[in-house]
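S.K.: Before we start, here is the structure in question, set down as structure tokens.
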């Protein structure tokens, strides 16, 4: 099948106008022939000629009859003093036509005329229309103004032709637009392996060619992107797999140390190493799952006892505090036996990211304040540091992925992921992460997460 020859939209529109004009001419000719046909119509001067032809007889005949006139005329015979003798005038026309005669008027309307013939001791008044009339009596009575009927009929025919031809023109345009719509739908469905059709309309064909160029470029770009993503997944998979070996060694050595004679402090350090190793093992497993495209978007939610969860966070925070030389003040206002549902590893990860972020931006020797409280619907954990605080830009964009603030809170080794990860995890649990600045200076991050409805009995005690 060859390429279809295309036309400019302007050319198609001109063809449409010319075809409409041609049809209008045909309508004018057809209506002219129809309304000037002697088989269908009386000419406008038909009665006038009949009166001229029968004038002498109308004047001299003892009695005037309709045989001497036409079907669309009417007459009345009057005495010289205006008395109506006979004829077919209506009661209304008798007086009107006599008044016209007496005043010398030759017309009784726009197209009705009168002729007066003086007879022997009588006056004959004939009224007739000076317009075309239908020969058929029914049509003449229904449509007494044939010229107006012709105009109205022509306008209706013209309207019909315009609607019909416009519909045809619209169908032609819509038929060509289907190629455009089909092409965009294919791209919308991410199917880039198809052949773009061509249109008979040059402008639409140009758009289709532009879309085809975009399709090819998009296909190349996406294939490159998919290839890079595949390489990244393979690299992440390989790296996380390689991390398992040194992590197993760290975990095993910590377990072996636990079996030796240790001081209480040393034993606590080993427990921290072992717990952190378990967390890292969980994260590595998650990375492997993601890299294999097997991620289940529904996290493994369990019921978490809030106080135990907070004590676990506290132990990890104290370990970081000793390493960083930064103090931590805990303010826990949470009753026993409160519970929430979440993925415990993910929620710990979120809170520890917030706390680690506070350590990253706290000067040495300062203090971080961590407050926790619960009301009838949520658990709130607030972390306040004594750093420079958030700038306006950081308050607005601090929870975005890879956000880096160059003014005050950027340090070496900080990649703008901590608060993003924390916000993602907490919002997935229908919670909220709030960034603000403390009244005494420093940044403040508050994590709010829903608690179970059954906790109400503990909160109201």
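Throughout, read-outs are computed from the coordinates displayed, never taken from laboratory work. Model, not experiment: these values are computed from the prediction. Counting neighbours? That spans all protein chains shown, and the Cβs are built from the backbone with ideal geometry, glycine included.
S.K.: At 7 Å along Cα-to-Cβ for each site, give me the label-to-label distance between residue 25 and residue 432 in nm.
M.R.: Result for the modelled spin labels: 7.6 nm.
S.K.: Sort 148-157, 369-378 for me by packing, meaning the mean count of neighbouring Cβ atoms within 10 Å per residue, highest on top.
M.R.: 369-378, 148-157
S.K.: Still on this structure, I have one more. Gain in length, residue 239 to residue 393, computed as 0.36 nm per residue apart minus the alpha-carbon separation, to one decimal in nm?
M.R.: Between residue 239 and residue 393, full extension yields 52.0 nm more.
S.K.: Quick one: which of 28-38, 257-267, 131-141 comes out on top by average Cβ neighbours within 10 Å, and what's the full order, highest first?
M.R.: 131-141, 28-38, 257-267
S.K.: Compute the relative contact order of the chain as a whole-number percentage, counting only Cα pairs closer than 8 Å that sit 6 or more residues apart in sequence.
M.R.: 10
S.K.: Using a 7 Å offset from Cα along Cα-Cβ at residue 440, what residues in the stretch 358-385 end up with backbone N under 14 Å from the label point?
M.R.: Those under the cut-off are 366-371, 383-385.
S.K.: Could you tell me the largest-minus-smallest coordinate of the C-alpha atoms of the stretch 54-187 on each of the three principal axes, in descending order and whole angstroms?
M.R.: Its Cα atoms span 98, 28, 22 Å along the three principal axes.
S.K.: If only Cα atoms are counted, what is the Rg of the chain, and what is its Dmax, in Å?
M.R.: According to the Cα coordinates of the chain, Rg and Dmax are 50.4, 160 Å.
S.K.: A further question on this structure: Using the alpha-carbon atoms, what tilt in degrees (0 to 90, nearest 10) does helix 306-324 show relative to the longest principal axis of the chain?
M.R.: Roughly 60 degrees, rounded to the nearest 10.
S.K.: Still on this model: Using the basic label-point model (7 angstrom from Cα toward the beta carbon), what is the residue 308 to residue 16 distance in nanometres?
M.R.: Those two pseudo-labels are separated by 7.6 nm.
S.K.: Restricting to DSSP H runs of at least four residues, report the calculated mean residue ellipticity at 222 nm for the chain, -39500 (n - 2.57) per run over all residues, nearest 500 deg cm²/dmol.
M.R.: -18000 deg cm²/dmol
S.K.: How far, in nm, would the chain grow between residue 49 and residue 272 when pulled straight, counting 0.36 nm per residue and subtracting the alpha carbon separation?
M.R.: 67.6 nm
S.K.: Between the stretch 1-40 and the stretch 309-336, how far is it from one alpha carbon centroid to the other, in angstrom?
M.R.: Computed from Cα coordinates, the inter-centre distance equals 89 Å.
S.K.: For an R0 of 45 angstrom, estimate the FRET efficiency from the Cβ-Cβ distance between residue 168 and residue 112 and round to the nearest 0.05.
M.R.: For residue 168 and residue 112, the calculated efficiency is 0.50.
S.K.: Given 0.36 nm per residue, what is the gain on full extension from residue 147 to residue 102 after removing their alpha carbon distance, in nm?
M.R.: 13.1 nm
S.K.: Two decimals is fine: what's Rg over Rh for the stretch 45-130, C-alpha atoms, Kirkwood radius as Rh?
M.R.: Here Rg/Rh amounts to 0.92.
S.K.: Same structure again: How many angstrom lie between the C-alpha centres of the stretch 345-377 and the stretch 143-216?
M.R.: So the separation of the two Cα centres works out to 64 Å.
S.K.: State, as an integer percentage, the relative contact order of the stretch 45-130 based on alpha-carbon contacts under 8 Å between residues 6 or more apart.
M.R.: That works out to 32 percent.
S.K.: In Å and whole numbers, how far do the C-alpha atoms of the stretch 116-197 stretch along each principal axis, longest first?
M.R.: Answer, in whole Å and largest first: 103, 19, 15 Å.
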